[in-house]
1. If you consider only alpha-carbon coordinates, what radius of gyration and Dmax does the chain have, in Å?
2. Rounded to two decimals, what is Rg over Rh for the stretch 133-256 when you use alpha-carbon atoms and the Kirkwood radius?
3. So what's the projected area for the stretch 1-157, the Cα convex hull averaged over all directions, in nm²?
4. Show Asp132, Asp164 ordered by accessible area, largest first, where the area counts protein heavy atoms only and the probe is 1.4 Å.
5. What is the helix-to-structure angle for 167-176, meaning the angle in degrees between its Cα long axis and the longest Cα principal axis of the chain, kept from 0 to 90 and rounded to the nearest 10?
6. Strictly over 18 Å apart at the Cα level, which of Lys59/Lys79; Lys59/Lys277; Lys33/Lys160 would you flag in this model?
7. Just how much of Leu34 is accessible, in Å², when a 1.4 Å probe is used and the result is rounded to the nearest 10?
8. Over the chain, give the accessible area per residue in Å² for a 1.4 Å probe, as an integer.
Amino acid sequence: MSFLREINYLRLSITDRCNLGCFYCLPRLDWQKLPAPEIMRYEELLQIARVAVGLGIRKIRVTGGEPLVRRNVVDFLEKLTQTPGLKELCLTTNGVRLADMARDLYGAGLRHLNLSLDSLKPERYRQITGHDNFSQVMAGLGQALDLGFQPLKVNCVVLKDVNDDELLDFARLARDLPVQVRFIEFMPTVNPERWTRHFLPMPEVCRRLAVLGDMQVVDRQPTAGPAEIVRPVGFRGELGFISPVSRHHCPTCNRLRLTAAGRLRPCLFADLEIDIKTPLRQGASEAELASLFEEAVRTKGCLPEVKLSQSSLPSCPMVGIGG
Ligand code: SAM
């Protein structure tokens, strides 16, 4: 699918429920969880994936909420891996249930895993997430390494005065383990004051990591997200830098999102959504569903360039959109 550029990456949010409450991601108090019947069913998601891949989507990332809290997710992923033409299936998880599920996920054919982890200190992890699950997450990471998930990425949202004293500790994970540690700029998705207080621009992160010495730039895959990847000399793994705020560049964005409510979202920061669930439930043909994807891609191509700031809050929280 293209409109001035190739759109080959779809993020599927399969639930708006999460078993953590990260302070930077928590929705507003007036936000209501979706009633269960409003969440896309697995058969519907599989049908949408088939249509999307038929149109040129090559990479699907399953996200949430927390995807591993949804019942029968392993079975769903196994079916999704069988979508003809799909080149990459990835899962993003907070890792709380990973130690218990990693073997089944691997057995279902999943190989690409992103693990979100914002602190390597148990007490701080609890402060950020509101839960005491640090040891489970680390056990999940260990399981994923033992099973050989590859690529295995650890996503760390950098938060000034919260975890920015751990940048080198996170980098050392990639020195010692075959993982890609990705530093992500905090986006203004919830509370503007909180964002101003805790935003640390990526150039500052890179400046602090310069003590690691020479870094070789790693080539990007055609379906890659916006990360810039480097491998410092002597590292087993890699470091990635994702700068949605300071280096945001709409013309190279290659992704569409499907929210847990079954709405196609051409841009994370534009509140424009195209309802695909209602036509699907009313019996739309695959050609009709395809035309909704085409509309989303056309719309994406026409949206104004986003400049993220305190006023960029999307109306739907990240748990519904899927990050
Ligand atoms: N529960 C899964 C997880 O934790 O990976 C998937 C959903 S979560 C919304 C996806 C990613 O979005 C996580 O890595 C999370 O840290 C990130 N995220 C949420 N709010 C963010 C924000 N304001 N800025 C940057 N990243 C954010």
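1. 18.8, 58
2. Rg/Rh: 0.96.
3. Computing the convex hull of the Cα atoms and averaging its projections yields 10.1 nm².
4. Details: Asp132 115, Asp164 25 Å².
Reading off the accessible areas and sorting them downward yields Asp132, Asp164.
5. Result, in degrees: 80.
6. Numbers: Lys59/Lys79 15 Å; Lys59/Lys277 21 Å; Lys33/Lys160 30 Å.
Cα-Cα > 18 Å for Lys59/Lys277; Lys33/Lys160; rest within.
7. Rounded to the nearest 10, the figure is 40 Å².
8. Working: 14200 Å² over 323 residues.
Roughly 44 Å² per residue, with all protein chains present.
The values are calculated or read from the model by the stated rules, or taken from the named source; none is laboratory data. Bear in mind that the values here come from a model prediction, so they are computed numbers and not experimental data. Cβ atoms come from the backbone with ideal geometry, glycine included; neighbour counts cover every protein chain shown. Heads up: the accessible areas ignore ligands, DNA and RNA and are worked out on the full protein's heavy atoms, side chains in. Shrake-Rupley method; radii C 1.70, N 1.55, O 1.52, S 1.80 Å.
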